[in-house]
Amino acid sequence: MNAVEVDGVTVRYGDVLALDRVSLALGAGRVCGLVGVNGSGKSTLFKTITGLVRPERGAVRVRGGPPALARRGGTVAYVPQSEAVDWAFPVSVREVVMTGRHGGLGLTRRPRRVDHEAVDRALDRVGLTDLADRRIGGLSGGQRKRAFVARGIAQQARVLLLDEPFAGVDKRSEGTITRLLRELAADGAAVLVSTHDLRSLPDLADEAVLLMRRVLVHGSPQEVLRPDNLARAFGLDVGLREGEPA
Amino acid sequence: MSPHELLVVPMGYGFMVRALAATVTAAAVCAVLSCWLVLIGWSLMGDAVSHAVLPGVVLAYVVGVPFALGAAVFGFLAVALIGVVRDTSRVKEDAAIGIVFSTLFALGLVLISVTPSQVDLHHVVFGNLLGVDRADLVQITAIGGAALLVLLLKRRDFTLYAFDPVHAHAIGLNPRLIGAALLGLLALTCVVALQVVGVVLVVAMLIIPGSTAHLLTDRLGRMLVIAPALSVCASVVGLYLSYHLNTASGGMVVLVQGAVFLLAYLFGPRHGVLGRRVAAIRSARTPPPPAG
């Protein structure tokens, strides 16, 4: 059973076609890179998998069931783009990670001992234990991303969706996050990451999808990075020189 | 003036005791709600709903049902209309809010002018704190207490909704429902505050305490304590001042709230404009730690 199956999905915002008959399958234990220009439908694809956007045609299945069931089971974790988060919000790193446990809590959502332990383990795993009581906005770009990944870990999500986790993140943090995502995949999670950083794609991902409202290529990172494929996704001027993927 | 004359003598009057109880209730529930309103960016929505409930209150009076019911209906109506105007025309949200709430408010004014004289326009618009009777007080404490209870019991849901509604959705919650609940509580809270400071100044009770608390702390949990504490204190001080200075009570309550905000804005230790300077100067004076 695939972790995520997207089957002939078409999404339209008014007159704008955002996704055009997109089909792809993500296996458990794999990291898949999602590559495409701005407006190619990457964020829409994430929203379709979580069920925030309903497709006009086609269907999404998460671990064999409808997205609504996966949501209730806490199967899917979503790491938002930096621009989508209010970094001035008065909430600590620990509190953000605790929201990963939120769905499983009772009427008043009061965390139990096991929830606190799960949060501690998640913070430890991403290396943010020392910064746990800082305000989330007080962290660096890379630490912020790790905090949100920790939320997915605390949630025990089997599918992780990350929207541009490397934007505004320095090289060292990028390496840390990449290592973390590889570990989570090794533990059996399916990880879908949208990225503009084509150079590190082979280090990050087992497979990659080139998206331009529809799936242009779905294959190995090397295949996606072939100049002729990139030219189709990014326009003809980019990446045509030999050995210069982007 | 002795402390006894200053603080105890006013409470010899039944109307002052009821006014105090009403003020404290309204200040507390408004302040708790305001923490989420200012963080979500719904301050204008608070303004809109507080004005838009007016026709609901008048109609409820005419029909003979509780004010809260009429207010809730028109509160939701306002929010729905704002959404419709914003989403189905080229009008932007701020303009949609302005159009809807001022039109509904005007409808309320017209309705007051044609209903029998018991609804006093001046009281509805500017509050009638010193005229709160026993029945009013029961209604204020019942609605205010219920709203406060729901806000506090479900505070973690509201906080998650305010911070990251997409995550709330992804883990199986219904962000629309949480948002609608918050707006419903906003409409009920407006009814409570309406009696204290009037339609025009309700928005002050809904925005100032949360904003002040946000200047003083980086934790929402602490905001939820600081905002009502400051708001209740400011309101009680405002009520006493209005008694001794013989000024408009609703206006005085809001004036003191504004003064407290100004103090936090200037002298807040981390986020106040002067507080930041002082901290910077202090750290500059402190000799750097020895190297090594």
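Derivation of every value follows stated rules applied to the coordinates shown; laboratory data play no part. Note that this is a predicted model, so its numbers are computed, not measured. Methodologically, a virtual Cβ is constructed for each residue, glycine included, from the backbone with ideal geometry; neighbour enumeration extends over all protein chains shown.
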Next item on the list: Please sort B:135-142, B:156-163 by packing, taking for each peptide the average over its residues of neighbouring beta carbons within 10 angstrom, highest first.
Entry: B:156-163, B:135-142
Next item on the list: For region A:95-129 and region B:1-60, compute the distance between their C-alpha centroids and round to whole Å.
Entry: 36
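Need one value for B:235-242: mean number of C-beta atoms belonging to other chains within 10 Å of its residues' C-beta atoms. The partial results should precede the final answer.
Values: counts 0, 0, 0, 0, 0, 0, 0, 0.
The mean count of partner-chain Cβ atoms within 10 Å per residue comes to 0.
I need the calculated FRET efficiency for the pair B:Val150 and A:Ser140, taking r as the beta carbon distance and R₀ as 45 Å, to the nearest 0.05. Before the final figure, lay out the partial values.
Numbers: r = 38 Å, r/R0 = 0.84.
Working from the Cβ atoms, E equals 0.75.
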Notebook entry, point to check: Which value in deg cm²/dmol, rounded to the nearest 500, describes the helix-derived mean residue ellipticity at 222 nm for chain B, given -39,500 (n - 2.57) per DSSP H run of n ≥ 4 and division by the residue count?
Noted result: -27000 deg cm²/dmol
Note to self: Whole angstrom only: what separates the Cα centroid of region B:100-172 from the Cα centroid of region B:179-255?
What the structure shows: 12
Check: Would you list A:Glu95, A:Glu56 from fewest to most Cβ contacts within 10 Å?
Finding: A:Glu56, A:Glu95
Notebook entry, point to check: Taking amide H positions as placed 1.01 Å from N in the peptide plane, with prolines and chain starts having none, which residues 5 or more places from A:Ser23, or on another chain, fall under 5 Å of its amide H?
Noted result: A:Gly8, A:Val9, A:Val215
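Net charge near A:Arg72: determine it from the other residues with C-beta under 14 Å of the C-beta of A:Arg72, scoring Lys and Arg +1 and Asp and Glu -1. Spell out each step's value before the answer.
Working: positive: A:Arg63, A:Arg71, A:Arg158; negative: none.
Once positives and negatives cancel, what remains is +3.
Please report, in debye to the nearest 20, how large the charge dipole of region B:198-292 is about its Cα centre when each Lys and Arg carries +1 at its beta carbon and each Asp and Glu carries -1 there. Write out the running numbers ahead of the final one.
Numbers: 7 positive and 1 negative charges, 89 e Å.
With Lys and Arg at +1 and Asp and Glu at -1, about 420 debye.
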Checklist line | Cα lying deepest toward the dipole's positive end in chain B, options B:Val63, B:Leu255, B:Val85, charges on Cβ | finding: B:Leu255
Notebook entry, point to check: Taking every DSSP beta bridge that has both residues in the protein assembly as shown, what percent is antiparallel when rounded to the nearest 5?
Noted result: 55
Notebook entry, point to check: Can you run phi through the Karplus equation (6.51, -1.76, 1.60; θ = phi - 60°) for region B:177-189 and list ³J(HN,Hα) in whole Hz, with x for Gly and Pro?
Noted result: 5, 4, x, 5, 4, 5, 5, x, 5, 4, 4, 5, 5
Checklist line | Positive minus negative residues near A:Phe89 (Lys, Arg vs Asp, Glu; Cβ under 11 Å) | finding: -2
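Over the whole of B:158-167, what's the average partner chain Cβ count within 10 Å per residue? Rounded to a whole number, please. Show your work: numbers first, answer last.
On the way: counts 0, 7, 8, 0, 3, 9, 11, 1, 9, 15.
Across the residues of B:158-167, the mean count of other-chain Cβ atoms within 10 Å is 6.
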Item checked: Cut-off 15 Å, label 7 Å out along Cα→Cβ of B:Leu6, residues of region B:17-34 by amide N -> none
Check: Once phi is turned into θ = phi - 60°, what whole-Hz ³J(HN,Hα) does the Karplus curve with 6.51, -1.76 and 1.60 give for every residue of region B:251-262, x standing for Gly and Pro?
Finding: x, 5, 4, 5, 4, 5, 4, x, 5, 5, 4, 4
Note to self: Please give me, ordered by residue number, the trypsin sites (Lys or Arg not before Pro) of region A:59-161 that lie in loop per DSSP and have at most 13 other Cβ atoms within 10 Å.
What the structure shows: A:Arg112
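Evaluate the relative contact order of chain A (contact order divided by residue number), counting alpha-carbon pairs under 8 angstrom at least 6 apart; express in whole percent.
Working: 484 pairs, mean separation 63.9, N = 246.
Value for chain A: 26 percent.
To the nearest 0.05, what FRET efficiency results for B:Ala142 and B:Phe15 with a Förster distance of 30 Å applied to their C-beta separation?
Details: r = 20 Å, r/R0 = 0.66.
E(calc), rounded to 0.05, equals 0.90.
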